[in-house]
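Notes follow the structure.
The values are calculated or read from the model by the stated rules, or taken from the named source; none is laboratory data. This structure is a prediction, so every number in the text was calculated from the model and none was measured. Here the Cβ positions follow ideal geometry from the backbone for every residue, glycine too, while neighbour counts run over all protein chains shown.
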Amino acid sequence: MKRIQAIIRIVATGGFFVLLYATFTIGAYFLTAWIYRVVGHVPPPYLIQVINSLLGGVALGMVSFAIAVLIGARPGRRNMGVFEPIFAAMEQIARGDFQVSLSSTSYRANVFASLLAQSVTQMAEELSQMEHLRQDFISNVSHEIQSPLTSIRGFARLLRSDELEVSEQLHYLSIIEAESMRLSRMTDSMLKLATLETLEAPGERKLYRLDKQIRAQILACEPEWAAKSLELEVAVPEIEIVASEDLLSQVWSNLLHNSIKFTPRGGKITVEAHANEAGIDCGISDTGIGIPEESQPRIFERFYKVDQSRERSNAGSGLGLSIAKKIVELHQGTIKVHSQLGVGTTVIVALPGTAEH
Ligand SMILES: Nc1ncnc2c1ncn2[C@@H]1O[C@H](COP(=O)(O)OP(=O)(O)OP(=O)(O)O)[C@@H](O)[C@H]1O
Ligand SMILES: [Mg+2]
């Protein structure tokens, strides 16, 4: 029915303009005939025809333009009505309120409005998710910062007492020192992660010896693993890799520190790497406390720690694995964990594009 109405409307409009054109051409005929009479010269009939048609066309064009300007303003206003809820929703989003409800079905008659409503709704949902992540991040940061600050404040207060033995004073001071170092490591990790999140690619890559890098990292944390009498087995052949050397150092360091931290005295850590067609696989395994199955999918989340109440010596910020994952992903690689509670953990990093010698 609507289609028939539309066809009738088009035919009627066309007819109206044809009629208008005929009227203007006839008008032009009388006008030019009078001018020829006054001037006293009549041009040849074909020229008269051309002049009358041209004048009729010009007049029609001018009138059509005037009508278009007049009518054009109206439908514009009428169409704005369809878009008004969408504009209102956009203003709401700009004010920081992402709870918009635009049902695209209400715009079925206007395809453009419907698409716009869908996009605006999707944008609001994504912004709302980002806002939740931001709020989570802020509450995690303040929570993580609160706990060392509370310790520092508490032990500093205790130190005011005159009745403390020197050994007690030294003990409290060492706790204050450890907690402030933890705070400093945490802010350092947060800054690293924030910087990494802004990157799309790992920056400057170069060809270097991966085996040397891993051995250097193992050596750098020797005081920690030696202090716990951990055995270190290294099975890494000569491998060259094209990557960002600084960033990958951070990955091996974070993984090694985890293995050292979560493996009891006398345990063993094994570092293996091998190159294949696709790239390299590097695995760091330990005979440590392991990770419960339900926690394994979450350990790469920012601030996630399996046991929040771990003793102070083990207290980290739960950012090490997020940083490692981000760096590996910037290199188009993957990082996976296999772990069994009470038996041990293996973290495998796979990186593409390498060459073995
Ligand atoms: N090798 C491992 N053995 C047992 N648990 C592990 C191991 N590696 C990681 N985890 C668990 O995963 C959690 C997250 O690790 P992640 O390295 O991100 O944080 P963290 O070591 O606690 O703190 P940070 O690395 O920021 O100092 C750890 O708190 C721990 O519960
Ligand atoms: Mg860690």
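Structural remarks
This table checks each residue for (1) away from ligand 2 (no atom under 16 Å from the Cβ); (2) hydrophobic (A, V, I, L, M, F, W, C).
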position	(1), (2)
Glu272	yes, no
Ala275	yes, yes
Ile280	yes, yes
Gly283	yes, no
Ile289	no, yes
Pro297	yes, no
Ala315	no, yes
Leu330	yes, yes
Ser339	no, no
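- Of all residues in segment 156-210, those satisfying the criterion of being touching a helix residue (DSSP H, G or I) at 6+ places or on another chain (Cβ under 7 Å), aliphatic (A, V, I, L, M) and more than 15 Å from Ser322 (Cβ to Cβ) are Ala156, Leu158, Leu159, Ile175, Ile176, Ala178, Leu183, Ala201.
- Residue match in segment 308-317 (condition: at pLDDT 90 or above, within 23 Å of Gln250 (Cβ to Cβ), within 11 Å of ligand 1 (Cβ to nearest atom) and in a loop (DSSP other than H, G, I, E, B)): no
- All of Ser147, Ser128 fail the test of being surrounded by 12 or more Cβ atoms within 10 Å (Cβ to Cβ), under 27 Å from Leu193 (Cα atoms), of a type in the set (Ser, Thr, Tyr) and at pLDDT below 90, apart from Ser147.
- Count of residues meeting criterion [outside any loop (DSSP other than H, G, I, E, B) and touching a strand residue (DSSP E or B) at 6+ places or on another chain (Cβ under 7 Å)] in segment 279-299: 9
- Members of segment 254-274 found to be more than 10 Å from ligand 1 (Cβ to nearest atom) and either within 18 Å of Ile335 (Cα to Cα) or aliphatic (A, V, I, L, M) (or both), listed by number: Thr270, Val271, Glu272, Ala273, His274
- Scan segment 250-267 for residues that are away from ligand 2 (no atom under 15 Å from the Cβ) and crowded, with 16+ Cβ neighbours inside 10 Å and the total you get is 1.
Residue by residue, here is whether (1) hydrophobic (A, V, I, L, M, F, W, C); (2) part of a loop (DSSP other than H, G, I, E, B) holds:
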residue	(1), (2)
Ser253	no, no
Ile260	yes, no
Arg265	no, yes
Glu277	no, yes
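- Check on Ile280, touching a Ser or Thr at 6+ places or on another chain (Cβ under 9 Å) and either among the aliphatic types (A, V, I, L, M) or more than 21 Å from Leu183 (Cβ to Cβ) (or both): yes
- Arg9 loosely packed, with under 14 Cβ neighbours inside 10 Å and either modelled with pLDDT of 80 or more or touching a Ser or Thr at 6+ places or on another chain (Cβ under 8 Å) (or both): no
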